[in-house]
Amino acid sequence: MQKRGKPFQKGQRRLPNAGRKKGTPNKATWDVQAAAEKYGCNPFEFLAQAVNGDLPCNVCRGVGKTKYMDKKGRLLMRTCESCYGTLREKLSPDTRVRAASELAAYIAPKRKAIEHSFDPAQQEQMEERLCKGREFMEQFLTERLKKDKGESK
Ligand SMILES: [Zn+2]
């Protein structure tokens, strides 16, 4: 068992198994996912439905008809004027193209112009460098803090 108080060994940058594991979403991603699940919202599904022109009509809500009052004050039903009874939201081609574009970015994140091909090894290297940078900063700040505390005594 590790001794409490001084868990770090000299030369060891961090505790084994410390930090976020590869593939585990970071906190921000997790919060967004949890919120989406809580409200039963799946933006991916929504976009896919929009692309296919398959979004449920938000006016008649699956009835195809809406109530209206005629000149004599009678409450009658008529074909939904938003979806014309198709039960699907009428989306312009422009809107559907925009949804398709968003969806495409979801599936294949946009790359910078200079990145011609995806190289998993390069990606790994980049992540490793980022991780090392973060560790370096943490170490630097910890040492700085220790130094500051020592000087204030
Ligand atoms: Zn409708």
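Any read-out appearing in this document is the output of simple, stated calculations on the displayed coordinates, not a laboratory observation. Computed from a prediction, not measured in an experiment: that's the story for all the values here. Cβ placement follows ideal geometry from the backbone for every residue including glycine, while neighbour counts extend to all protein chains displayed.
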**Prompt:** Which FRET efficiency value, to the nearest 0.05, is calculated for Gln125 and Ala48 with the Förster distance at 30 angstrom and r the Cβ-Cβ distance?
**Reply:** 0.30
**Prompt:** How high is the FRET efficiency between Arg96 and Cys41 when r is their beta carbon distance and R₀ equals 22 Å, given to the nearest 0.05?
**Reply:** 0.65
**Surrounding net charge for Asn58, when Lys and Arg each add one and Asp and Glu each subtract one, Cβ distance under 14 Å** = 0
